[in-house]
Amino acid sequence: MQLVTTHICMVKDIGVHGNLFGGIMMAWIDEAASAMAVSICHTPNMVTIKVDELVFKKKVKEGFVIRIYAEVAHMGNTSLTFKIEARKVSVYTGEEDVVVTTNTTFVRIDEEGKPTPIPTIVKERFKDKQG
């Protein structure tokens, strides 16, 4: 998996139970996956069409560093799906613990918002993820 982005859980990110608010984590994941989608497909015209179930495995407290990793799980004609992991990092040991997993799917669109094929050169790089 490739590191896409890093965040620090701050007071403004904490929910009523003293943990990172789930909606903040969801936004971080969507932003990271979006950044990776536009980079891979060489266009800003990528939109989120699906986020699978988010599984919150561990709580995150204020001060934790969160690293979001992604890898291409599937490449279609107009879409691509990422496997995503968010991990909290101990600043003392560097140890990482997976706190959230999900899959997200993006579609390449044209100027009118209609699905348009991902360039062949991009699909060639991910031949093993097609089918």
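Quick note: the coordinates plus some simple rules give every number you see, no bench work behind them. No experiment lies behind these values; they were computed from the predicted model shown. Note that each Cβ is placed from the backbone with ideal geometry, even for glycine, and that neighbours are counted across all protein chains shown.
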field: Straight-distance crosslink candidates among aspartates and glutamates, where the alpha carbon sits under 16 Å from LYS59 and sequence neighbours closer than 8 are dropped
entry: ASP13, GLU85, GLU95, GLU96, ASP97
field: the chain: most fluctuating residue of GLY113, GLY94, GLY23 per GNM, C-alpha cutoff 10 Å
entry: GLY94
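Say a site is exposed when it is one of the GluC sites (Glu not before Pro), sits in a DSSP loop, and has at most 15 other Cβ atoms within 10 Å; what is then the longest site-free stretch of the chain?
Details: sites that count: GLU53, GLU62, GLU95, GLU111, GLU112.
Formally, the longest exposed-site-free interval is 1-52.
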- prompt: Which percent of Cα-Cα pairs in the chain sits in each 10 Å bin, short to long?
  reply: 13, 41, 28, 15, 3
query: What does the charge count near VAL122 come to, summing +1 for each Lys or Arg and -1 for each Asp or Glu among other residues with Cβ under 12 Å from its Cβ?
result: +4
Neighbour count of at most 16 Cβ within 10 Å plus DSSP loop: longest trypsin sites (Lys or Arg not before Pro)-free window in the chain: 62-131
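Let me know the charge dipole size of the chain about its Cα centre in debye, to the nearest 20, where only the beta-carbon of Lys, Arg (+1) and Asp, Glu (-1) is charged. Working shown, then result.
Values: 16 positive and 16 negative charges, 42 e Å.
I would put it at about 200 debye.
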- prompt: Hey, which of these cross-link pairs are over 23 Å Cα-Cα: LYS57/LYS127; LYS58/LYS83; LYS88/LYS127; LYS83/LYS129; LYS57/LYS129; LYS50/LYS129?
  reply: LYS57/LYS127; LYS88/LYS127; LYS57/LYS129
message: Could you tell me the center-to-center distance, by alpha carbons, between segment 35-61 and segment 72-126 in angstrom?
response: 6 Å
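Which value in Å is the Kirkwood Rh of segment 1-73 over different Cα pairs?
On the way: mean 1/r = 0.0748 Å⁻¹.
Here the Kirkwood hydrodynamic radius works out to 13.4 Å.
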field: Nearest-ten-degree value, helix 22-41 long axis tilted from longest Cα axis of the chain
entry: 30 degrees
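At a 10 Å Cβ-Cβ cut-off, how would you order LEU3, LEU54, fewest neighbours first? Kindly include the intermediate steps, with their values, before the conclusion.
Working: LEU3 11, LEU54 16.
Listing LEU3, LEU54 from fewest to most nearby Cβ atoms yields LEU3, LEU54.
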- prompt: What does segment 88-131 give for Rg and for Dmax, in Å, if only its C-alpha atoms count?
  reply: 17.6, 49
query: Under the rule of -39500 (n - 2.57) per DSSP H run of 4 or more residues, summed and divided by the residues of the chain, what mean residue ellipticity at 222 nm is obtained, to the nearest 500 deg cm²/dmol?
result: -6500 deg cm²/dmol
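For the pair VAL51 and SER90, what calculated FRET efficiency results from E = 1/(1 + (r/R0)^6), where r is the Cβ-Cβ distance and R0 = 22 Å, to the nearest 0.05? Display every interim value, and only then the final one.
Working: r = 27 Å, r/R0 = 1.25.
My answer for the efficiency is 0.20.
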query: What percent does the relative contact order of the chain come to when contacts are Cα pairs within less than 8 Å and at least six residues apart?
result: 28 percent
- prompt: Excluding same-chain residues fewer than 8 positions from LYS12, which aspartates and glutamates have a Cα within less than 17 Å of its Cα?
  reply: GLU62
